[in-house]
1. For the range B:40-70, how many residues are within 14 Å of chain A (Cβ to nearest Cβ), open to solvent by 70 Å² or more (accessible area, probe 1.4 Å) and assigned to a loop (DSSP other than H, G, I, E, B)?
2. Suppose we keep only residues that are closer than 16 Å to residue A:399 by Cβ and more than 20 Å from the chain's Cα centre (by Cα) within the range A:144-166. Which one would you say is nearest to the other protein chains (Cβ to nearest Cβ)?
3. Which is modelled with pLDDT of 90 or more, part of a helix (DSSP H, G or I) and farther than 22 Å from residue A:139 by Cβ, of A:266, A:310, A:223?
4. Scanning for something of a type outside the set (Asp, Glu), more than 29 Å from residue A:98 (Cβ to Cβ) and open to solvent by 50 Å² or more (accessible area, probe 1.4 Å), does the range A:310-328 turn up at least one residue?
5. Return the pair list, or none, for Cβ contacts closer than 8 Å from residues in the range B:23-38 that are within 12 Å of another protein chain (Cβ to nearest Cβ) to residues that are of a type in the set (S, T, N, Q), at least 6 apart or on different chains.
6. What about residue A:205, is it crowded, with 17+ Cβ neighbours inside 10 Å, more than 13 Å from chain B (Cβ to nearest Cβ) and closer than 22 Å to residue A:377 by Cβ?
7. Give the number of residues within the range A:24-38 that are away from chain B (no Cβ under 14 Å) and either of a type in the set (A, V, I, L, M) or in contact with a Cys (Cβ under 8 Å, 6 or more places away or on another chain) (or both).
8. Checking the structure you have, find out if any residue of the range A:338-347 is without any contact (Cβ under 8 Å) to a residue 12 or more places away in the chain and of a type in the set (A, V, I, L, M, F, W, C).
Amino acid sequence: MIEYILIAIFLGLVAGTLTGLIPGIHINLLALLLFSSSAFFLQFTDPSILVVFIISMAVTHTFLDFLPSIFLGAPDEDTALSVLPGHRLLLKGKGYGAVKLTVVGSFFGLLIALALAPFFIVTLPYFYPFLIKIIVFLLIAIVIFLIFKEEKSKRIPALFLFLLAGILGYATLNFPLIKQPLFPLFTGLFGASLLAISIVKNVKLPEQKIKPIKIKRKNILQALGLGIFSSSLVSFLPGVGSSQAAVISSGLKKIDEKTFLILLGAINTIVMILSFIVLYSVSRPRTGIAVFIGRFLGIFSEQQLWLFLAVALLAGSLAVFITFIFARIFSKNIAKIDYKKLCLAILVFLTILVPILSGWLALLVFITATALGISTSMLGIRKMYLMGCLILPVIIWYLI
Amino acid sequence: MKTRTLLKFSLITTLIGIYLVIVLANNLEPNITKISDINENMIDEWVRIKGDVTNQRNINGLTIFTVYDGTAGIRAVIYKDVGNFEGAEVIILGKIFEYKDEIEIEINKIEVVR
């Protein structure tokens, strides 16, 4: 048994590394592919080994995920908000340090989530009815609060962009002929728009330094505290996830961009771990990966849950090193490549991927989202407001 | 390209794009799927089905009924009180989801054929 588990963890590490490195690929998409090929895998092994593989892959993915987002400007919905702070650091030659910050967040987030697992198993079910009542008002309050904290001249444009993103998001999510609607939406808003601007402005990357960015212990603790708090708010509820947790955190406390990267790393991993716990304690799947674990195993025992959490710990610890290795490779080579051509190549890759994954009509969403992302940058408004594309539909969904 | 020109161009593209997405999202619908072709790989996908309504129940603002199209039946759910469709032939646009190991459809739009 144990050798099968170790092999499954190893294969999960390899698969999670590949999927994490491919620009724009979200873990849910992977879960979907896996499910359609599950009959094939189940010929060789039993469901719980397959679940070990999935968990190892999912956790590894949450670590590697930030590399395409920070170095290539091609995020998915969980890493979207890391693009801009990551890109700014990349332009200062600190791409490696930026990735390292997200790894610090992901790894310590993993440890905290595991340490608090028994606490969550016992308490979270009691909070569920309360959370479902307040989440929508919390989101509305935080958006209003964020807008009011902006300089006066930026308030109206920020609100306007939030609403535009919200309308676009709502229409896209309710567009019956578009599959995987979040893919064209997020790659456009946060990825392609940045790539297009880099191409137009002929951005050149400096030589990258392979050294960590200094950060105070206080900031790390702050990021982790906010991360665990906001992740536990969203993990129990349908329709909300990492991106809403990030917005909630930034409404609660003003933090600098380095702390923000740690926070995003932490949220990305904590939400994944909590979704396993939520699946166990209330049988409700809240991430794509949890949906598939639920379908493979049905109800699972506490013993199995602990096995899965141990797998997450092992995979996460190894993923730290894998991420550093790839961050090093990216840092050493990215300045040698013509950055404009690289951006163009990724933009073409994404434009080809959109119709393949989401259908031809998704190109319209992709172009519109890209234009909205460019407008936001040109107006000097924070990209955070583009999260309206998910927040407004959630508000409408909970209120109606 | 100047920042202002780029801004104008991107804002106009955004507004036209959003308008088109809304219009197309409201007018384009998938072809009708046979109920027997619906499976768990289609969860979260939009489908359109046509069939006869039976077993309608309204519980606490929730409407549930079964739709048969001659190939198979599927339970359809909508989270509000809608009118009585019992016995009618309807076309339903909705999303496939799984509830307690059963494949169901969440109704987004329903129209009576006869």
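1. Going through the range B:40-70 one residue at a time, the tally reaches 1.
2. Result: A:163.
3. A:310
4. yes
5. Close Cβ pairs (under 8 Å, with a partner that is of a type in the set (S, T, N, Q)) amount to B:25/A:172; B:25/A:174.
6. For residue A:205, the condition - crowded, with 17+ Cβ neighbours inside 10 Å, more than 13 Å from chain B (Cβ to nearest Cβ) and closer than 22 Å to residue A:377 by Cβ - is met.
7. Result for the range A:24-38: 3.
8. yes
The values are calculated or read from the model by the stated rules, or taken from the named source; none is laboratory data. Computed from a prediction, not measured in an experiment: that's the story for all the values here. We place every Cβ from the backbone using ideal geometry, glycine too, and count neighbours over all the protein chains shown. All accessible areas refer to the heavy atoms of the entire protein, side chains included, with ligands and DNA or RNA removed. Shrake-Rupley method; radii C 1.70, N 1.55, O 1.52, S 1.80 Å.
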